[in-house]
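J.: The structure under discussion is supplied below as structure tokens; questions concerning it will follow.
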Amino acid sequence: MSPMSPRLLRPRANTAFTPRSLANLALWYDGADTSTFTLNGSNISEWRDKSGANRHASQASAASQPAYGTWSGGLRAASNADLRNGFLSVTNGLSLTRNIGAFCVSTVIRVSFETTGQLLFQANSGAANARVRMAVNETAVAAGALSAIGRRLDANSVDGAVGGSSPIANADYVVTAIWDFTNARALIYRNGTLLAEDTAFQTAGNTSDTDSSAIQIMGLGAFFFGLMGEFVAYTRRPSDSERVALERYLGRKWGITIA
């Protein structure tokens, strides 16, 4: 009998997709990994980043800490589950939006109830305090709408993609927002379906060359009422196939059907 090939004794490489499978991963907050949370009683004081960059999201003020909620039988991150204005600030990440050609956010949410003005992500662009953000039910938009709205670093005008008007309360969604400054495009997706695309979005406008003054998850000034299961961000625009792979990964993980 011939000896067994040594290759058969080696474990097979794990080729399963994760957010790390895509280049330029900047943030990864995974609510299914309970070891990434630091709790202050029933509140979250820190949600640790799994991207490898250690850009943890934290909140020192107990009055502003999101509640720790439940989702489908497991403990998950929850913003305002008790209707308090909770949010987390990204530490060690203020350079994320500096001189970038594109930024992409994909997140898993369950909305508690409908109201306009809810924010999932916000990054202020330096001293001008001009916000480049993705929002659920952005201010002055009909309930159920989602938006990817942004500004240049060196200008204060706001533009973006806004779409969707059906009620989303008590439903689960994978929301992806893309700000493509290089190609002047902004896009917003819900469960893999493109809701809107702005084909005359802001150009790069990098002359101010400043770091972000603040980056928040789940809002600051316009808070998200619901639960957030996962949050992933990239400092580039993924290809369509990469975006689909990411959304399907999140959908399988959280039991959400992706188109």
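Laboratory data are not the source of any read-out in this text; all were calculated from the coordinates shown. A quick note: this is a predicted structure, and the numbers were derived from the prediction, not measured. Note that each Cβ is placed from the backbone with ideal geometry, even for glycine, and that neighbours are counted across all protein chains shown.
J.: Which whole-Hz couplings ³J(HN,Hα) result when phi for each residue of the stretch 38-43 is put into the Karplus expression 6.51 cos²θ - 1.76 cosθ + 1.60, θ = phi - 60°, listed in order with x for Gly and Pro?
T.: Each residue's phi maps through the Karplus curve to give 10, 9, 10, x, 9, 10 Hz.
J.: Sticking with this one: Given H placed 1.01 Å from N in the peptide plane, which residues other than close sequence neighbours of Gly86 have an amide H under 5 Å from its amide H?
T.: When sequence neighbours closer than 5 places are left aside, the close amide H contacts are Asn80.
J.: May I pose another question? What's the exposure ranking of Val244, Val175, Val105, going from fewest to most Cβ atoms within 10 Å?
T.: Ascending Cβ contact count within 10 Å gives the list Val244, Val105, Val175.
J.: So between Asp240 and Thr199, what do we pick up on full extension, going 0.36 nm a residue minus the alpha carbon distance?
T.: Fully extending the segment from Asp240 to Thr199 adds 13.1 nm.
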